[in-house]
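Structure, as C-alpha cells:
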Amino acid sequence: MNKNTLVEFSVTRPKLVFGLVLLMTLAFAAQLPWIRLDTNPKNMLPPTSDVRVWNDSVDRTFALYEDTIVVGIVHPMSVLNKGTLEKVRDITAGILKIKGVAGRDVSSFTTIDNVTAEGTGLKVAPLVTKIPASEAEMQVLRKTLLENPLFVDRIISRDEKTTAINVPLEKGANGKEVADRIREILAKYQGEERYHVAGDPVARDTFGAEMFKLMGIFSPIAGMIMFIAIYVMFGSLTLATTMMLVAMVAIVWTMGLGIGLGFPIHIMSSMAPVFLMAIATDSIHIFNEFYFRFREKKDRRTAIIETMEAVGRPVRYTALATAAAFAVLLFMQIVPVRVFGGLIVFGTIVLRLFSFSLIPAVLAIARQEKIGAAAAGEDVTASRTARALKQLGALGANRPLATAAAGLALIAMAVLGTSRIVVNNNMVAWFKPGSEIRIADAVINRALGGTSLGYVVAASDQSDAIKRPETLRYIEGLQRHLEKLPVVGKTISVTDYVKRINRVLHDDDPKFDVVPDTADTIAQYLFLFSMSAKPSDLDNVVDYPFEKANIWVQLKTWDAAAMQGVIDATAEYQRLHPGKLDLKPAGIAYFNLVWNQEVLWDMVKGFLLALVVVLVILALDFGSLKWALIGYVPLLFTILLIYGVVGFAGKDFDMPISVLSCLSLGMAVDFSIHFISRLRQRLAETAVDAGRDLSALKEALAWTAARPGKGIMRNAVLFAAAFSVMLFAPLTPYITVGAFIVSMMLLSALLTILYLPALIVLTRGWLFKTGETK
Amino acid sequence: MKPLRRIALLGFAAAVMVSIPARAADPSADEIVKRSLEAFYYAGSDMRAKVQMKLINPQGQIRQRDMTMLRLNPGKSGDQRYYIYFHGPADVKGTSFLVWKYPAKDSDRWIFIPTLRLVKRIAADDKRSSFVGSDFTYEDVSGRNLEDETHALARKEDLGGRPTYVIESKPKVVVDYSRRLSWIDRERWLPLKEEYFDARNEPQRTFVADKVEQKGKYWTVTARSMKNLQSAHRTEVVFQEVEYDVGLKQDIFTERYLRDAPSQWIR
C-alpha cells in the first residue's frame, strides 16, 4: 500500500519530511505578498455576464449611474425651515467636493432644476437658489415642492419631514468610502436633524469591507478556539500545536496557490481559511485512534503504523468525499465559486497528504512521556464521554423501531417546514436590524419613494417612436400598473416630464396634466425641456434617437422578490395591453435579483450534484450501495431537519444558505464514513456473523459508538467550536453560517451515533445477506 | 571666439530690447478679458449666421440642431438682443428664441412654441445651464460679465502657432466651476481655448476654437467645440454664412417677429 509506505517513510525520516514541508511552505508563502482583494460582491458575476453587459448598455444609453447613494435628512417638524435648508445647501456643497461623486448630477434642493409657471410666463431655475428669508417665501417653496410630482417622494416626503440628496457615483468609486466621507460632512452639521446614508453601494461595499475585516478577526479566533478545545480534549500541548500547525500550513499552501495563480481573493475565497481549519479537524480521528492504540501497545512506532492502517481508509475516503463535494463547485457558472471550490479541493488534498506524512512525522518525534501522559486519559471504560456515546449507540441498537418511528415523525415535521421555505434575497437584511444601514434604509423607504432602484426599458424599433402620444400613454399605463404594487414607491418616465411641461405651459392648469395629442407638440415640449433642465434629466429617460424610453421604478425594499414582482407585473401589463414596445428590466435591483438567483440556483444545482457524488463515493468506499444508502441517512436527515427549522423560523432561503447547503454536505458525510468503516472493520476483526448474531452486532455497534464515536464527537465539537465564533458576527449571513454549521455538525454527529445503530439493526437481514464484499 | 561672443551679446541685447517693451505693453488681465469678450461676443453692430450644432453623446450618437442666429448690439451700454430660429430637427422647426441681454442683470427670454402658437416668457435664473441640451451654457453662447470673475494673467505662450495670453479666472460667487483658464489670442483677442475646473479642481469642460476665419472686418471663430471631460459628451458648432453689420432693426427682436419669423433674415 502506497499510503503506508508514505507513513513508514515519514516515521523513519521525520526530519526530512519537515524539511520538505518547510521548503514547500516557504515557496507558497512567497506568493502571499502578491495578494489582490476584490471586495465587490458584484464581481460574483463576471463583467461579461449577460446581466452586467445589459445593465452597462442601459447605463450608457441613458447616461445613468450604476450606483447612487441616498442621503436622507429628517427634521421632527419640517425640513422647510431656514436652518435645515442652509444645512442642505452646505452639505450638498461639501458632497460635491468628494472624490468619486458625479457632481454634475447630484440632486438636492439646491441643484435640482425646477420649471414652474410664473404668472403667464415660465420660471426655470434650480429649486432653491437662495434660502427663503420670510414665511411667505417659504410658503412658495412648500407649494412648489408639494405640487410637483417630480419632487414628491423623491426629494421631499409628503409630510415634508424628510428630504433627500441623491448622490450618483462615478464608475469604480467605492460606495463605503464615499459614504464615510459623507458621514464626516454630516457630523459637522449638528442640530435637530437626523441624517441617514443609504443605497445599494453603501450596503454592498460596507458588506464587502466588513466581510474581509471579519475574516481577518474570525480566522485567528476560530483557530484559537480550536487550539484550546484540542488542548482540553487531549490535555496535550504538542498535539494541539500539531493540529494547528497542520491547518496553518495547509492554509498557507492553499492561499499561496490561489494568489500565485493570479486569482483575486474574493468574498468567497476569503472564507477558505475557516473552512480549511474546520476540515483539518478530521485528523482528530488519527489522534483519537493513536491515543487508544498507544495506551494498548506502548510502542510508538507500531501504534502510529497500526493507527494509520485502522483509520487510513476512512480518512482517505472522508477526504475524497469532502474534496468531491467541493469539486462539484468547479462545474458551476460563477467564477469566484469555482475558485473557492478549487482552493478547498486543493487544501483538502494537502491536509490529507499531511495526515499520512506530517502528522506521523510529528508523532514520531514527539516526546514519549508527553504522549504517554495524554494517552493515559484515553480509556473507553474510564471516559465519561465514551460511556455516554456507548449508551447513545446502544439506545439506537436496542430500541431500533422506536428510534426509527421518532425519526419518521421528525422527518414529516421537517418536510412540512421545508415546504414553507421562501426563496428571497435582501442584501440590506444582511445587516442586523439595529445597524445604521438598516435604520437608514428603513427611514428613507418609509418617507420617500424607495432606496432600491430598478428600470424598465421600453424599446421600439423606430427612431422618434417615443415621441408619439400613444407610446407615452402606453408607458403611463405601465407606470400606473406598476405603482399598484405595494413595494413600488415611485415611477418616473419621459411621460412625466412631457405632462409637466404641458401643464406649466398652460399656466399650471391641472387639466393639462396629460399627454398632448400630437407628436410634434411632444417633440417641442421635450425640446423646451432640454432648454430648461440639465441635459442628463432627459438623457436619463430617453435615448438619443428617441427609440427607447427608460422607466425608473423606485422600490421600498431590497427584497429580490420586489423586482421579481415588477417583472411579473410588466409581463402582465404586456399581456393585457399588447403593444409594439419591448419591455425589459434593468438596473441595480434587477442585477441583485439576477446575481442572487444565479448564485442560489448554481448552489442548489451543486447541492444536488454533490448529493449524487457523495453517494457514489460512499458506495465505492463501502463496496456496497446498501451500506452507502444507510450511511446516507443521517446526512439527509440532518439537512432536512435544518431546512425544516429554516422554514418554520420564516428565514428566507437566501444565497448564504444555499452556499452552505452545498458546502456542509462534503463535511457532514465524514461521520458516516468513519462510523461504518470502523464498524465493519471491527466486525471483520472480531469475526462476528452479524447477520445471525444480534448480540454480537450490538456489541460491535456499542464499541463503534464509544471509540470511533468519540472521535466523531470530538470532530463535531471542534468543528462547531470553530464556527460558533461566527454567531457573534455583526452581519447576519455570518450568523447564519455559524448557526447552520454548528447545528449541522452536532446534529449529524448525534444522528450518526444514534440512527446508524438503529438502522443497521433494523436492516441487518438485508445488509448482511450479500453485504460483505471483502 | 570673438565673433561668437559678439553674436551672443547681440542676441542678448536683442532679447532684452524685445522683451522689455513687450512686458511694458502687456495689458492687465481685466483688460485682456474685456477685449476678448468684445471680440468674441460683440463684433460688429449686428451679426447674422447659420449655425449648425451637433450634440454627440459618448456612444457617438448625434442630435443635430440647425438654426439661424441674429444678434444686435443696440447701443454702447452692453445690451444685446439675440434671435434664434430652429430649422431642425424637423419636428421642432419654427421654435424660436428671443433673448434680451443686459450686462448687469438677468436676461429676458421668450420662446415661441409653434404647435401651440404660443409665446412664453421665461424668467431664467440659469445662465450656467445647458443651451438646448448642448455642452455650452447660455453664458457660453451669449457671453458673461467681466465682473463676475476675478482675472489674473498666468503666463504667455503659443497655442497652435498663435501667441496667447493665458488668463486664470475665478468666479466670485459659487457656480458649477471653480476656475477656468483661457488662452486668448494676443492679436485677434479671440479665446482659442478654455479649460474649466470643477469644485474638486478636476478638469470639467474644454472649449476649443477649431477654426478662426476673417469674416468681413472681424476675426470669427467659425468652428468651435465644447467637451465635457467627465461625461464624455461633446458639442460641435459650425458657423456658416457669417455676416456682420447687415442692418438688423430693433423691431425684429420683438414678440411679433417671434411669432412670425422675419423671412428676410431667416431662410
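The values are calculated or read from the model by the stated rules, or taken from the named source; none is laboratory data. None of these values were measured; they are calculated from a predicted model. Quick reminder, even Gly has a Cβ in these numbers, built from the backbone with ideal geometry, and neighbours come from all protein chains shown. The accessibility values were calculated without ligands, DNA or RNA, using every heavy atom of the protein model including side chains. Shrake-Rupley method; radii C 1.70, N 1.55, O 1.52, S 1.80 Å.
Taking each residue of segment A:99-114 that is among the aromatic types (Phe, Trp, Tyr) and looking for partners that are crowded, with 19+ Cβ neighbours inside 10 Å with beta-carbon atoms closer than 7 Å, six or more apart or interchain, yields A:Phe109/A:Leu85; A:Phe109/A:Val88; A:Phe109/A:Leu127; A:Phe109/A:Val128; A:Phe109/A:Ile155; A:Phe109/A:Thr163. If I filter segment A:509-524 for residues that are open to solvent by less than 10 Å² (accessible area, probe 1.4 Å), in a helix (DSSP H, G or I) and away from chain B (no Cβ under 14 Å), do I get at least one hit? Within segment A:509-524, none of the residues are open to solvent by less than 10 Å² (accessible area, probe 1.4 Å), in a helix (DSSP H, G or I) and away from chain B (no Cβ under 14 Å). Please specify each residue of segment A:562-598 satisfying the condition of being in the same structural domain as A:Glu547 (by TED's automatic domain parsing) and acidic (Asp, Glu). If the condition is that a residue be in the same structural domain as A:Glu547 (by TED's automatic domain parsing) and acidic (Asp, Glu), then A:Asp568, A:Glu572, A:Asp582 are the ones that fit. For the residues B:Val99, B:Val92, the requirement of being open to solvent by less than 40 Å² (accessible area, probe 1.4 Å) and within 11 Å of chain A (Cβ to nearest Cβ) singles out B:Val92. Taken over segment A:130-149, the criterion of being open to solvent by 50 Å² or more (accessible area, probe 1.4 Å) and under 13 Å from A:Glu86 (Cβ atoms) is satisfied by A:Lys130, A:Ala133. The set of residues in segment A:607-641 being within 16 Å of A:Arg680 (Cβ to Cβ) and out of contact with any helix residue (DSSP H, G or I) (no Cβ under 7 Å at 6 or more places or on another chain) consists of A:Leu620, A:Gly623, A:Ser624, A:Leu629. Taking first residues from segment A:519-530 that are over 10 Å from B:Pro89 (Cβ atoms) and β-branched (Val, Ile, Thr) and partners that are open to solvent by less than 10 Å² (accessible area, probe 1.4 Å) and part of a helix (DSSP H, G or I), the Cβ contacts under 6 Å between residues at least 6 apart in sequence or on separate chains come to A:Ile522/A:Val498.
Checked against the criterion of being within 26 Å of B:Arg188 (Cα to Cα) and more than 10 Å from chain A (Cβ to nearest Cβ), segment B:113-128 has no qualifying residue.
The residue that is most open to solvent (accessible area, probe 1.4 Å), among those in segment B:115-131 that are closer than 21 Å to B:Leu55 by Cβ and outside any strand (DSSP E or B), is B:Lys127.
Only residues that are assigned to a helix (DSSP H, G or I) and in contact (Cβ under 8 Å) with a residue 60 or more places away in the chain were counted in segment A:224-236, giving 6. Scanning segment B:142-192 for residues that are free of Cβ contacts under 8 Å to residues at least 40 places away in the same chain and assigned to a helix (DSSP H, G or I) gives B:Glu147, B:Asp148.
The residues in segment A:88-111 that are open to solvent by 20 Å² or more (accessible area, probe 1.4 Å) and among the aliphatic types (A, V, I, L, M) can be counted, and the count is 2. If you scan segment A:652-682, which residues turn out to be more than 19 Å from A:Phe607 (Cβ to Cβ), open to solvent by 10 Å² or more (accessible area, probe 1.4 Å) and not charged (D, E, K, R)? Listed by number, the residues that qualify are A:Ser677, A:Gln681.
Can you say whether B:Glu195 is buried (at least 19 other Cβ atoms within 10 Å of the Cβ), part of a strand (DSSP E or B), away from chain A (no Cβ under 14 Å) and of a type in the set (D, E, K, R), as far as the supplied structure shows? The answer is yes for B:Glu195. Restricted to helices (runs of 4 or more DSSP H) entirely inside segment A:1-87, those with at least 2 residues that are of a type in the set (D, E, K, R), within 14 Å of chain B (Cβ to nearest Cβ) and open to solvent by 40 Å² or more (accessible area, probe 1.4 Å) are A:50-61. Looking across segment B:145-175, the residues that are open to solvent by 40 Å² or more (accessible area, probe 1.4 Å) and hydrophobic (A, V, I, L, M, F, W, C) come down to B:Ala152, B:Leu153, B:Ala154, B:Leu159, B:Val173, B:Val174, B:Val175. Inside segment B:198-210, can you point out the residues that are within 14 Å of chain A (Cβ to nearest Cβ), on the phi < 0 side of the Ramachandran plot and either surrounded by fewer than 18 Cβ atoms within 10 Å (Cβ to Cβ) or part of a loop (DSSP other than H, G, I, E, B) (or both)? Residues satisfying the conditions are B:Asp198, B:Ala199, B:Arg200, B:Glu202, B:Pro203. In segment A:423-449, the residue that is nearest to A:Arg194 (Cα to Cα) out of those that are in contact with an Asp or Glu (Cβ under 8 Å, 6 or more places away or on another chain) and β-branched (Val, Ile, Thr) is A:Val428. A:Met255 meets all of the listed conditions (1) without any contact (Cβ under 8 Å) to a residue 24 or more places away in the chain; (2) among the hydrophobic types (A, V, I, L, M, F, W, C); (3) crowded, with 20+ Cβ neighbours inside 10 Å but one, namely (1).
For every residue, the table says whether it meets (1) open to solvent by less than 20 Å² (accessible area, probe 1.4 Å); (2) hydroxyl-bearing (Ser, Thr, Tyr); (3) within 12 Å of chain A (Cβ to nearest Cβ); (4) not in a strand (DSSP E or B).
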residue: B:Ala49; (1), (2), (3), (4): yes, no, no, no
residue: B:Lys54; (1), (2), (3), (4): no, no, yes, no
residue: B:Gln59; (1), (2), (3), (4): no, no, yes, yes
residue: B:Gln64; (1), (2), (3), (4): no, no, yes, no
residue: B:Met69; (1), (2), (3), (4): yes, no, no, no
residue: B:Ser77; (1), (2), (3), (4): no, yes, no, yes
residue: B:Gly133; (1), (2), (3), (4): yes, no, yes, yes
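Scanning segment B:234-257 for residues that are modelled with pLDDT under 90 and either part of a strand (DSSP E or B) or within 14 Å of chain A (Cβ to nearest Cβ) (or both) yields a count of 1. Annotation: A:Val717 fulfils all but one of (1) open to solvent by less than 10 Å² (accessible area, probe 1.4 Å); (2) part of a helix (DSSP H, G or I); the unmet one is (1). Of the residues B:Ser178, B:Ser142, B:Ser107, the single one that is over 21 Å from A:Leu122 (Cα atoms), within 14 Å of chain A (Cβ to nearest Cβ) and open to solvent by 10 Å² or more (accessible area, probe 1.4 Å) is B:Ser178. Considering only residues in segment A:532-548 that are part of a helix (DSSP H, G or I) and more than 13 Å from B:Arg63 (Cβ to Cβ), the one that is farthest from the other protein chains (Cβ to nearest Cβ) turns out to be A:Asp537.
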